[in-house]
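Take a look at the structure below.
Just so it is clear, none of the values below were taken in a lab; they were calculated from the coordinates. Worth saying up front: this structure is predicted, and the values here are computed from it rather than measured. Backbone-built Cβ (ideal geometry, glycine too); neighbour counts: all protein chains shown.
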Number of protein chains: 2
Amino acid sequence: MAEDREPRFRRRKTARPGEIIAAALEVFAERGFAAARLADIAHRAGVSKAALYLYFPDKDALFRAVVGEAIAPNFVELRVMARAYEGPFAALAPLLLERIARAATTTRLPAVAKMIIGESRNFPQLARVWHDQIVSGAAALVSDLIAEAQARGEIKPGRPRFHAFSLIGPMLMGLLWRETFEPIGAEPIDLAALARQHAATVLSGMLAETGR
Amino acid sequence: MAEDREPRFRRRKTARPGEIIAAALEVFAERGFAAARLADIAHRAGVSKAALYLYFPDKDALFRAVVGEAIAPNFVELRVMARAYEGPFAALAPLLLERIARAATTTRLPAVAKMIIGESRNFPQLARVWHDQIVSGAAALVSDLIAEAQARGEIKPGRPRFHAFSLIGPMLMGLLWRETFEPIGAEPIDLAALARQHAATVLSGMLAETGR
DNA sequence: GCTATTGATGACTTGTGAGTCAGCAGTCGC
DNA sequence: GCGACTGCTGACTCACAAGTCATCAATAGC
């Protein structure tokens, strides 16, 4: 009776890494790098802690894998979208902000961003991975889009990098507000509405007179 | 011979708390809350670890004291300055942004802000202290200034809170960039120049037509 | 079926840092 | 000067989490 009970574990060499990375993304996002327990990640992935070490040499390597496999692809997609867009900057910018607002509610990205910001001093190698794989590319993309729009006469003069900060900064602030203060009961913020009002405000300030 | 050597320690009941708070601010700013070692704080304050517990019951209480004694007063001062200002919002806003840029280079405030953002999930009580003592007041101040400027017809309609994000967000982003990515060799950012360009851009977008 | 291979485990070691405590040593009052 | 008070210390305990290892058990190949 009940001789056909489930085996205590199965051998699934190829499926494990992906499952572990998914579990690690969850736990890193919830607790930050230092406070994330490998035991928690293992439990959530349905394996023992020791099994993690069959696939990743240490906690750092696991984090790098998370950034590379689970985060970076989203940005590649964004880049492709922005590059494929044909039309005035005044129409692209609201789409961009709205997409950020949406990503903030549907992905773990804001939590990971918060983690990087908070732990960069103690784990500079994390900041480096994040910077090299994500941030520098994204910053260059937005700056380039602005520089090109300036070349077309759509946008006022001014350093493209600063214009990029003017455009993106408020969304980052909203996203961090949501992550940091809403859990403790602060007044929530409607990121989609912020995206709309900020787009209107900042574009009105950035567009060249001829582009109005 | 050498009988008058310094005593191994002195009893200085009233001076200790301030020295400990100053040391704690340094260490918390450098390492974050979780990674800050009480032994380091004690060493930098020139006392033993056990001595900390004569003045503060635990690490949390020490952190609360740091926020209350070393951080909050700066904001009170800011509030007084902004309230005392007489004149159009278009002149006040650049002053405000420039002051943020300056504070970012002369105080530990950005490091502490980064710490709060990064560790709020694991230590919600820190986020609460920070929110209640600093952020909610500052946010309300800026929102109120904007609402009053709208009432005077200087600024376009729109939710004052979102306008506040449009104004402050890019400075926050610049400040976090400096804290997070400059230590690892990323391209530095000139916060004063960012403040000037962003002020020009966003004011041009926010000011009512009549106010130009 | 049988066996070699290797994916997977539970119990272990090690390092670290918060918080504690018995007693020492400045310093105040006389 | 000298006791009494108490600020202060060094050495301790305890808890927790990264990383290791001897060994087991699922399964691929024959």
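Where chain B is rotated onto chain A, the residue of B whose Cβ comes nearest the axis, and that gap in whole Å, is B:Gly118, 0.
Longest stretch of chain A clear of exposed loop sites (GluC sites (Glu not before Pro), DSSP loop, at most 11 other Cβ atoms within 10 Å, sites excluded): A:87-212. Taking the Cα atoms only, what angle lies between the long axis of helix A:191-206 and the longest principal axis of chain A, rounded to 10 degrees? Tilt relative to chain A: about 30 degrees. Of the trypsin sites (Lys or Arg not before Pro) found in the range B:103-209, those in coil by DSSP whose Cβ has at most 14 other Cβ atoms within 10 Å are B:Arg152. Taking 7 Å steps out from each Cα toward its Cβ at A:Glu69 and B:Thr106 produces label points 5.0 nm apart. Residue by residue along B:145-152, Cβ atoms of other protein chains within 10 Å of the local Cβ number 0 on average.
Here the calculated FRET efficiency for B:Asp190 and A:Gln125, from their Cβ-Cβ distance with R0 = 22 Å, stands at 0.25, rounded to the nearest 0.05. Amide hydrogen proximity for B:Ile155: with H placed 1.01 Å from N in the peptide plane, the residues at 5 or more positions away or on another chain lying under 5 Å are B:Gln150, B:Ala208. Remark: B:Leu145, A:Leu97 ranked as B:Leu145, A:Leu97, counting other beta-carbon atoms within 10 Å and listing the fewest first. Our summary gives chain B a relative contact order of 21 percent, counting only alpha carbon pairs under 8 angstrom and 6 or more residues apart.
Excluding B:Glu77 itself, calculate the net charge of residues whose Cβ lies under 12 Å from the Cβ of B:Glu77, where each Lys or Arg counts +1 and each Asp or Glu counts -1. Within the 12 Å Cβ shell, the charges total +3. Among residues other than A:Arg64 with Cβ under 11 Å from its Cβ, the summed charge is -2 (Lys and Arg +1, Asp and Glu -1).
GNM remark for chain B: springs join alpha carbons under 10 Å apart, and the peak mean-square fluctuation among B:Ile155, B:Ile146, B:Ile189 falls on B:Ile189. Remark: the Cα gyration tensor places the protein assembly as shown in the oblate category, a/c being 1.5 or greater and a/b not exceeding b/c. Per-residue mean of foreign Cβ neighbours for A:190-197 is 3 (Cβ atoms of other chains, 10 Å radius). For the range B:148-164, backbone phi angles converted through the Karplus equation (6.51, -1.76, 1.60; θ = phi - 60°) give residue-by-residue couplings of 5, 5, 5, 4, 7, x, 7, 10, 4, x, x, 5, x, 5, 5, 4, 4 Hz, Gly and Pro being listed as x. Peptide B:175-185 is shielded by partner chain Cβ atoms: per residue, an average of 6 of them sit within 10 Å of its Cβ. Legend: calculated FRET efficiency, A:Ala22 to B:Glu6, from the Cβ-Cβ distance at R0 = 51 Å, rounded to 0.05, equals 0.30.
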